[in-house]
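Undergrad: Handing you this structure, nothing more for now.
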Amino acid sequence: MNATQRDLVERSAGGDHLAFDVLVRSVLDRMYATAYRILRDQESTKDAVQSALWQAWRDLPALRDADRFEAWLRRLLVRSCYEEARRQRRQPIVTLIDPDRYSVADSTHVIADRDALDRAFMRLSPEHRIVVVLHHYEGLTLVEVARALGIPVGTARSRLHYGLARLRDAMHQDDLAPLVREVPA
Amino acid sequence: MSIRLDDREEMDRRLRTWLDDGPDYAPHGFHDQIMAPVPAMQRRPRWSRHLPRDASSGVRWLASAAAVLVLVTIAILAFTRPLPDVGATAEPTSDFTTNDFGVGRSGQIGRAGWYRSWQFRPQVRFRVPSGWGLGGLEPGFVGVDETADDLPITNGLGSIQITRPTSVDASGPGGAQAPVPTDVLVWLLANPDLALGPAAQVTLAGRDAVVVEGTLSGDADLDPDTAAIRLTNDVILRPRHRFRLALISVATGELLIVSIAPADRFDLFRPTSDAILASLEFVTP
């Protein structure tokens, strides 16, 4: 963390709304992108990111080390995503035709991948989804993933292995799904 | 299902393409939506960062409590928040809420007193001695503390979870989840992964409840990822645990209250759990 970011964190912790505003702008896009890849739904993503940032504002005064801000914020986001994913599982799913999802240029292969992987990914538990995204999208090492989730490295490794195996199986299965997208009701 | 190596490399490439597919920016206006309520939000006091992580160290706790007392005395006009009573013997005059359990994140050790659930519903009220905090016995998933369906508290020796199951995990690995059975007690007693004693009728929180106690069965079908059974969406049980399951019917369904501790310490943990559960009340129906 550089001196400017550390200063923003310290000032935000002290109650400076403007400093927090700048901090939010610097992290929002990345948080949104990561959360979306976990939850695969815009409204759930917005809820998760919003919840995490509000929690960050409320709890920031208790953060002991400003240099830990990014890791701490990631943990808040992971927690919010986990709670949103659980809410997703309780909601009935309706199936809509989503004609805007796929462009004319998309190959049949890509479309089949997207649909098969979307379905397979959403069947994973939140724990498995989050490990896959943190490792393969955020680029965290397994040690960093384990630290972010508060789990042993071995558990992170086995969750990643399981999640990737299910996703590879989904691609390997020879079925071209219809162009539908399942969304929460 | 066997996948050849070159197929696997191709699949990994396709998987990365799929993972990259998605928005890279937050929606327009989202930042303003987040910031709008921030100025009016209540926050944790700044002095809370100075309290120790390990409250089991009495000397550090007393020294830090003394330091906090000095800081708060100096800053009391600015923060307008009185120093909380951290003494185990002091009798509180009003309930705390569970989001105020000790300091900060789950597992932080809190003060004695009466607590009302912050998010868990139906709202419950209970009394704990000092040394209890939010969180489960297992390290588990970071930050999963109290939710509308799950309230875990622990003193490090064991944990008590007040939960409203929303799913039960099918036996075997992975995330497959099954709906909560109509008769949870019958399901528990017939569950091949559990070795339970006879069910007993008790009164809990002023209501009829059924209690069973036991362990995982010797041939329990453990999840290979976690080496545990996920009894419900929130309850994780391991071979080393002994546990007591109490079922209470409420307007919104069945509540499952689980007292868990390592089997070799369960008899030590039992009276502390009993005392807390004996104080349990429903604030709302």
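Every number here is computed from the coordinates shown, using simple stated rules; none is lab data. All values derive from a computational prediction rather than experimental measurement. Every residue, glycine as well, gets a Cβ built from its backbone with ideal geometry; the counts of neighbours run over all protein chains shown.
Undergrad: Let me check I've understood the local charge: for A:GLN5, count other residues with C-beta under 15 angstrom from its C-beta, Lys and Arg +1, Asp and Glu -1. What total comes out?
TA: Its environment carries a net charge of -1.
Undergrad: Once label points are set 7 Å from the Cα along Cα→Cβ at both B:VAL283 and B:THR182, what is their separation, rounded to one decimal in nm?
TA: 3.5
Undergrad: Explain nothing, just compute: Karplus ³J(HN,Hα) = 6.51 cos²θ - 1.76 cosθ + 1.60, θ = phi - 60°, for every residue of segment A:159-172 in order, whole Hz, x for Gly and Pro.
TA: 5, 5, 4, 5, x, 5, 4, 5, 5, 5, 4, 4, 5, 6
Undergrad: Separate question: Note down the relative contact order for segment B:185-285 as a percent, whole number, built from C-alpha pairs under 8 angstrom at least six residues apart.
TA: RCO, segment B:185-285: 23 percent.
Undergrad: Right, next: How long is the gain from B:ASP221 to B:ARG16 if the chain were fully straight, where each residue apart is worth 0.36 nm and the alpha carbon distance is subtracted?
TA: Between B:ASP221 and B:ARG16, full extension yields 70.5 nm more.
Undergrad: Collect residues whose amide H, placed 1.01 Å from N in the peptide plane, falls under 5 Å from the amide H of B:VAL168; neighbours closer than 5 in sequence don't count.
TA: Those qualifying (amide H under 5 Å, at least 5 residues apart or on another chain) are B:ALA178, B:VAL180.
Undergrad: Next question. Could you work out how much longer the chain between A:ARG64 and A:ASN2 gets when fully extended? Use 0.36 nm per residue separation minus the Cα distance between them, nm to one decimal.
TA: Difference between extended and current length: 20.6 nm.
Undergrad: Under 5 Å between amide H atoms, partner at least 5 residues away or on a different chain: which partners does B:VAL250 have, H built in plane at 1.01 Å?
TA: Answer set, sorted by chain and number: B:LEU255.
Undergrad: Further, regarding this structure: At a 10 Å Cβ-Cβ cut-off, how would you order B:MET11, A:MET31, fewest neighbours first?
TA: So the residues, fewest neighbours to most, are B:MET11, A:MET31.
Undergrad: How much length is gained on full extension from B:ARG240 to B:GLN119, taking 0.36 nm per residue of separation minus their Cα-Cα distance?
TA: That pair, B:ARG240 and B:GLN119, stretches by 40.6 nm at full extension.
Undergrad: Tell me whether segment B:230-285 comes out rounded, prolate or oblate; compute the Cα gyration tensor, take square roots of the eigenvalues as a ≥ b ≥ c, and use a/c under 1.5 as the rounded threshold.
TA: Oblate is the answer for segment B:230-285, as a/c is 1.5 or above yet b/c matches or exceeds a/b.
Undergrad: Oh, and also: Given a Förster radius of 56 Å and the C-beta distance between B:HIS28 and B:ASP7 as r, what FRET efficiency does 1/(1 + (r/R0)^6) yield to the nearest 0.05?
TA: Efficiency, rounded to the nearest 0.05: 0.85.
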